[in-house]
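The values are calculated or read from the model by the stated rules, or taken from the named source; none is laboratory data. Every value quoted in this text rests on a predicted model; they were computed, and no experiment measured them. Every residue, glycine among them, receives a Cβ derived from its backbone with ideal geometry; neighbour counts consider all protein chains shown.
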Amino acid sequence: MRIEKLSGPLKTAVLASSLGLVGAIAIIDCSADDPAMTSAAGGGPADTCSPSPTSPPPIDAPAGDAQKPPAPLDPISASAQKMIDEGRHTFRYDTFGDEAFWGDTLKLHRAVEGSAKGGVGGGVSPKTALAVGLKVDVDALPASAIEAAKQGTLDLDSVDTTLTLLQLDAVVGVKGFFDSSKNLTSMGIQCALCHSTVDDSFAPGIGHRRDGWANRDLNVGAIVNLSPDLSAVAALLGVDEATVRTVLTGWGPGKFNAQLFLDRKAVGPDATGPAGAAAVIPPAFGLAGVNLATFTGFGSATYWNAFVANLEMHGKGTFIDSRLGDAAQFPVAADAGFSSVRSSPDLITAKLPALQVYQLAIPAPAPPAGTFDAAAAARGKTAFEGPAKCSSCHVAPLFTEPGWNMHTGAEIGIDDFQANRSPDKRYRTTPLKGLFSHTKGGFYHDGRFPTLGAVVEHYDVAQSLSLSGAQKSDLVEYLKSL
Ligand code: HEC
Ligand code: HEC
C-alpha cells in the first residue's frame, strides 16, 4: 500500500498540514534551555514549547509601546501553564523506563525490525502497524516525508519506513530506542498509545494528535502477541505462554484486561471469553470534577496514572496500595508484591503532578455539527432529567455524581463480574461527555451494548421505566449531543 498522489480535498489537507508544519516551525520559539522540554525521561521531541510566560501585545498596540514588556502572568496561571506543558510532554512522550519491559524483556523491537535486520519474523511495516490500530502523528513528519507521501513514494510496505517513523517519534504512543548506527535496540510505550488518536486529516490513521481520545482501533492483544518472548508474562500469571497468547488474541481491537495482572481472570461473565474480561479503552478527557476514575473506581485519575505507569506499562517508579495485598481478591498482585513497588531511580512519581493537571485540563470534545438532531436532543434532555431518571446518577455537567460515584451491578441491571475485580466491588458512573468519539467497540465497561440505543433500551427494561419509542430516540439524540 502506498499513499497515492493526492488530489481534491485530501490534497488540500496535505498542503494544509505541510503549511501547518512550516508555520509551526516559524512561530514557535523553542528555547533550548526550557526545562519542560529537556528534563523528561523517555525522550521525545520538543513537541510543544512552554509559551513565554507573558501575553502577546495587543494587535492594535501603538507603535511606541512595541518595546514595552507585556504584563507577566500571575504566578498561579504561569505555574498551571507550565504543568500543562510538562504533563502533555509526559502523556505523549514519556516511557517511564518501560523499555526495560517492552524491549529488553518482551523483545518487541525484534519483531518490529524483523529477521532481515537481525530481529525475528517478517518485521512490522507501516501498513501492518496501521492495521493493528497504531496512529501516525503528521506533525512529527518532516516536509520531505510529507512530500514523499504526496508523490506516492513513501513505501508503507517497508520495515525501513516504520523505523524512520520511530526515529521521528511519529508513531503515537510508541518510542523506539536506537544506537549510534541507527539500529533499533529497544522499545517503550507511552500513555498516548491507548488514550490518543489522530484526526485522519492526512490519510486514515495519519493526522494531528487528539490527546485523550480512546483508541478503539488499537489491538493491544495483537501488538503484545508480536513479542517473540512472553515468558515473563506467563511466569507472572503462572500459566504457559500458549495460554497467554490465546488470551491476548481474544481481546480484539480497543480492549485491554488491566486486572488480568492482578487476579488472573481471563474469561468474562457467563463464559463470554477473554473479550468479556477485558475493558474497552476509555477516553482520558472530561475528567475534571470526576471523583473516582476507571470503570470500577479504583481511585482518582492520579491514583490510576501511578497504577498504570508502574503496574501495566511496567515503568520504573513507586506504587503503594495495600488493597492489592489481598490474596483472595488479587492473587497475582499479592504474589508479585504490587501493593508496594519501589524502583530506583523512580522515573514516575515526580511526573504525576503535571500529568494530573494535564489530564484534568483535557476537555471532552464537542460533537461535530450535524451529528445529532438538536430539537430531539432538547426533548431528550427533559426525559434524561425527568421520566428516565438518568440524572439521579449522571448529574450535569459532570454526568457522574458529585460525590461518591459508585454503584453495584444490580443498581444498573448488570452482573457483578467486573465490579468484583475492584477494591470497592462497584461500578463507577461513567461521565458521558464526548460519547460520539468512542462509539466503536460499544458502551459499558466491556462494550456489551453496541449502540446508545441499546444502552437506553437496557435501562428501560432493567429499571422498568416504560419509556415510549419517541422518548428513547430523543434520549439517544441527547446522548449524542453531549
Ligand atoms: C495498554 C493501553 C493503555 C495504556 C498504555 C494506558 N491506559 Fe489508561 N486505561 C486503559 C484501559 C483499558 C482503562 C480502563 C481500565 C478500567 O477501568 O478497568 C484505562 C483507564 C484510564 C483512566 C480512567 C478513565 C476514566 O474514565 O476514569 C485514566 C485517567 C487513564 N487510563 C490514564 C492513563 C495514563 C495517564 C496513562 C499513562 C501513564 C495510561 N492511561 C496508559 C488503557 C491504557
Ligand atoms: C444508578 C445510577 C445510574 C442511572 C440511574 C443511570 N446510569 Fe448510566 N451508568 C451508570 C454506571 C454505573 C455506568 C457504568 C456501567 C459500566 O461501565 O458497566 C453507566 C454507564 C452509562 C453509559 C455508558 C457510557 C460509556 O462510555 O460506556 C451511558 C450511555 C449511560 N450510562 C446512559 C444513561 C442513561 C441514558 C440513563 C437513563 C436512562 C442512565 N445512564 C441511568 C449509572 C447510572
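A few points about this structure:
- Residue, surrounded by the most Cβ atoms within 10 Å (Cβ to Cβ), within segment 180-196, restricted to residues that are in contact with a helix residue (DSSP H, G or I) (Cβ under 8 Å, 6 or more places away or on another chain) and among the polar types (S, T, N, Q): Q190
- Within segment 222-235, none of the residues are under 23 Å from Y358 (Cβ atoms) and not in a loop (DSSP other than H, G, I, E, B).
- Candidate set: segment 197-219, residues that are within 20 Å of V159 (Cα to Cα) and under 17 Å from the mean Cα position of the chain (by Cα); chosen: the one surrounded by the fewest Cβ atoms within 10 Å (Cβ to Cβ): G205
- Breaking point among (1) more than 10 Å from ligand 2 (Cβ to nearest atom); (2) over 24 Å from K265 (Cβ atoms); (3) not polar (S, T, N, Q), for P423: (2)
- The set of residues in segment 309-338 being within 8 Å of ligand 1 (Cβ to nearest atom) and surrounded by 20 or more Cβ atoms within 10 Å (Cβ to Cβ) consists of A309, M313, G315.
- Within segment 406-424, restricting attention to residues that are part of a loop (DSSP other than H, G, I, E, B) and touching a residue at least 24 places away in the same chain (Cβ under 8 Å), the residue that is farthest from ligand 1 (Cβ to nearest atom) is G413.
- Just one residue in the set A378, A369, A454, A364 is modelled with pLDDT under 95 and not aromatic (F, W, Y); that residue is A369.
- Residue within segment 125-136 that is farther than 23 Å from F202 by Cα, surrounded by 21 or more Cβ atoms within 10 Å (Cβ to Cβ), within 16 Å of ligand 1 (Cβ to nearest atom) and at pLDDT 95 or above present: no
- Output for segment 223-251, where each listed residue is more than 12 Å from ligand 1 (Cβ to nearest atom) and under 22 Å from T161 (Cα atoms): N225, L226, S227, P228
- Given (1) surrounded by fewer than 19 Cβ atoms within 10 Å (Cβ to Cβ); (2) away from ligand 2 (no atom under 16 Å from the Cβ); (3) touching a residue at least 40 places away in the same chain (Cβ under 8 Å), number of the condition T371 does not satisfy: (2)
- When we screen R448, R428, R421, R379 for residues that are more than 26 Å from the chain's Cα centre (by Cα) and either farther than 22 Å from G297 by Cα or not hydroxyl-bearing (S, T, Y) (or both), the only hit is R379.
- Candidate set from segment 374-396 (those that are in contact (Cβ under 8 Å) with a residue 60 or more places away in the chain and part of a loop (DSSP other than H, G, I, E, B)); member that is surrounded by the most Cβ atoms within 10 Å (Cβ to Cβ): A388
- Some residue of segment 440-458 being of a type in the set (S, T, Y) and touching a Lys or Arg at 6+ places or on another chain (Cβ under 9 Å): no
- The set of residues in segment 285-298 that are more than 7 Å from ligand 1 (Cβ to nearest atom), under 18 Å from the mean Cα position of the chain (by Cα) and not aromatic (F, W, Y) comprises G286, A288, L292, G297.
- Scope segment 435-456; condition within 14 Å of ligand 1 (Cβ to nearest atom) and in a helix (DSSP H, G or I); matching residues: L435, S437, H438
- Scanning segment 201-216 turns up no residue that is in contact with a helix residue (DSSP H, G or I) (Cβ under 6 Å, 6 or more places away or on another chain), within 16 Å of ligand 2 (Cβ to nearest atom) and not in a loop (DSSP other than H, G, I, E, B).
- Considering only residues in segment 143-179 that are in a strand (DSSP E or B) and crowded, with 20+ Cβ neighbours inside 10 Å, the one that is nearest to ligand 1 (Cβ to nearest atom) turns out to be V174.
- Scanning segment 112-124 for residues that are within 21 Å of the chain's Cα centre (by Cα), surrounded by fewer than 24 Cβ atoms within 10 Å (Cβ to Cβ), part of a loop (DSSP other than H, G, I, E, B) and not polar (S, T, N, Q) turns up nothing.
- A single member of L432, L467, L479 is in a loop (DSSP other than H, G, I, E, B), surrounded by 17 or more Cβ atoms within 10 Å (Cβ to Cβ) and away from ligand 1 (no atom under 15 Å from the Cβ), and it is L467.
- Every pair of residues 6+ apart whose Cβ atoms lie under 9 Å, when the first sits in segment 335-346 and is closer than 10 Å to G317 by Cβ while the second is surrounded by fewer than 13 Cβ atoms within 10 Å (Cβ to Cβ): V341/I320; R342/I320
- Pairs with Cβ under 6 Å, 6+ apart, first in segment 239-268 and under 23 Å from T439 (Cα atoms), second assigned to a strand (DSSP E or B): G254/V280; K255/V280
- Boolean, V136 is touching a residue at least 12 places away in the same chain (Cβ under 8 Å), in contact with a Lys or Arg (Cβ under 7 Å, 6 or more places away or on another chain) and farther than 23 Å from L230 by Cα: no
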